[in-house]
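Remarks on the structure that follows.
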Amino acid sequence: MSPTVTSQRTRTAERPKPPHALTRSALAWVYAGIFDGNPDQVSQARRQMAMHLADCPAADDAITIVSELASNAVLHSGSAGQRFTIRCELFEDYVRVECEDLGGEWHCKADEDRPHGLTIIDALAGSDNWGIDGDTTGRVVWARLFFRSAE
């Protein structure tokens, strides 16, 4: 099954602008995609982010984070074999990405207290700019990446 992808722009300006040309009058570019909880969908989530964040200054780090979040959803949550959702909001000076999974217990190696990907996210976003909301019934892992907008 291919991913269900929805995309919308929320703005106040009359004409839509590409993400690299966001102005203070534009609120955000929003993307959401629902993916099957299979390992092959991680690369699909990366491709979707690459397409939607093509001109974003933080695109590479955001794509890496999405890859880690999608991998964690497929490998370490109840989304394995089910589904997970990737969301992205691009603002004037930061991008927020998140992955919603179906919860469950962490399925980590005995010597890990959290999946390795979260360590990567912490290094890219900084400890104050990512988090985990939810519990074993459903979880959202999110990260914010700030960048300097071109004005």
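The values are calculated or read from the model by the stated rules, or taken from the named source; none is laboratory data. In this text, all values refer to a predicted model and were calculated from it rather than measured experimentally. Quick reminder, even Gly has a Cβ in these numbers, built from the backbone with ideal geometry, and neighbours come from all protein chains shown.
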Could you list, in sequence order, all residues of the range 65-83 that are under 11 Å from the mean Cα position of the chain (by Cα) and buried (at least 20 other Cβ atoms within 10 Å of the Cβ)? 65, 66, 68, 69, 70
Quick check on residue 25: is it outside any strand (DSSP E or B), surrounded by fewer than 22 Cβ atoms within 10 Å (Cβ to Cβ) and at pLDDT below 95? yes
Test: residue 59 is closer than 12 Å to residue 99 by Cα, within 14 Å of the chain's Cα centre (by Cα), surrounded by 15 or more Cβ atoms within 10 Å (Cβ to Cβ) and modelled with pLDDT of 95 or more: no
Looking at the range 49-88, which of its residues are acidic (Asp, Glu) and assigned to a helix (DSSP H, G or I)? 60, 61, 68
Run residue 44 past the list (1) under 19 Å from residue 30 (Cα atoms); (2) surrounded by 20 or more Cβ atoms within 10 Å (Cβ to Cβ); (3) among the polar types (S, T, N, Q) and report the number of the one that doesn't hold. (2)
Identify all residues within the range 61-95 that are among the β-branched types (Val, Ile, Thr) and in contact (Cβ under 8 Å) with a residue 40 or more places away in the chain; write none if there are none. 64, 65, 85, 86, 95
